[in-house]
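The values are calculated or read from the model by the stated rules, or taken from the named source; none is laboratory data. Note that the structure is predicted; figures quoted are calculated from it, not measured. So basically every Cβ, Gly included, is an ideal-geometry build from the backbone, and we count neighbours across all protein chains shown.
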Amino acid sequence: MGGHLARPGAAERHSAAARVATPLTVGSPQEAIDKTLTFREHFGDYQRQLFLVDHAGLPLKTVLEQLDLLGGEVVPVLRKELDALRPAHVPEAPTHASRVAQSGRPAEALR
C-alpha cells in the first residue's frame with residue numbers, strides 16, 4: 001500500500017497519531033479499511049483505488065505478505081462496504097468480464 005500493512009501486533013510499532021496524520025494507508029488491515037472508507041467523504045463515490053505495496057525497496061517476502069493481506073482481508077471488506085454505500089445513480093466499476101461482454105467479442109479474442 002502507500003505505506004505498510006502489518007499483521008496485528010506489528011502495527012503497534014507505529015504511533016496511533018502518526019497513522020492518523022499520514023496520507024499513507026498504514027497499519028493493520030482494519031486500519032487500512034477504516035482509513036480507505038473515509039476517502040468517500042472527501043472525494044465522493046469513485047471506482048478505482050490504487051495501493052502501492054512494493055514501495056521503497058521492501059523485501060519480496062514483505063510485499064507478498066502485504067498482497068495477501070490486501071487481497072484476503074482488506075479488498076473484500078472494501079468492496080462490500082463501498083458497494084452498500086454506493087447511490088443508485090453511481091455505476092458499478094467496470095470489470096474485465098463487463099468490458100468483454102460490452103465488446104460483443106468472445107473473451108478468447110481479447111487475450
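Looking across segment 18-52, the residues that are more than 12 Å from the chain's Cα centre (by Cα), free of Cβ contacts under 8 Å to residues at least 24 places away in the same chain, within 27 Å of T95 (Cα to Cα) and not in a loop (DSSP other than H, G, I, E, B) come down to T38, E41, H42, F43. So the check is Cβ under 7 Å with 6+ separation or different chains; which pairs have a first residue in segment 64-90 that's in contact (Cβ under 8 Å) with a residue 24 or more places away in the chain and a second one that's hydroxyl-bearing (S, T, Y) and surrounded by 10 or more Cβ atoms within 10 Å (Cβ to Cβ)? Close Cβ pairs (under 7 Å, with a partner that is hydroxyl-bearing (S, T, Y) and surrounded by 10 or more Cβ atoms within 10 Å (Cβ to Cβ)) amount to L78/T36.
Let's see how each residue does on (1) surrounded by 12 or more Cβ atoms within 10 Å (Cβ to Cβ); (2) touching a helix residue (DSSP H, G or I) at 6+ places or on another chain (Cβ under 6 Å); (3) modelled with pLDDT of 85 or more; (4) closer than 19 Å to A32 by Cα:
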| site | (1), (2), (3), (4) |
| --- | --- |
| V63 | yes, no, yes, yes |
| E92 | no, no, no, no |
| V100 | yes, yes, yes, no |
| E108 | no, no, no, no |
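Report yes if E81 is part of a helix (DSSP H, G or I), surrounded by 14 or more Cβ atoms within 10 Å (Cβ to Cβ), of a type outside the set (S, T, Y) and modelled with pLDDT of 85 or more, otherwise no. Judged against the criteria, E81 is a match.
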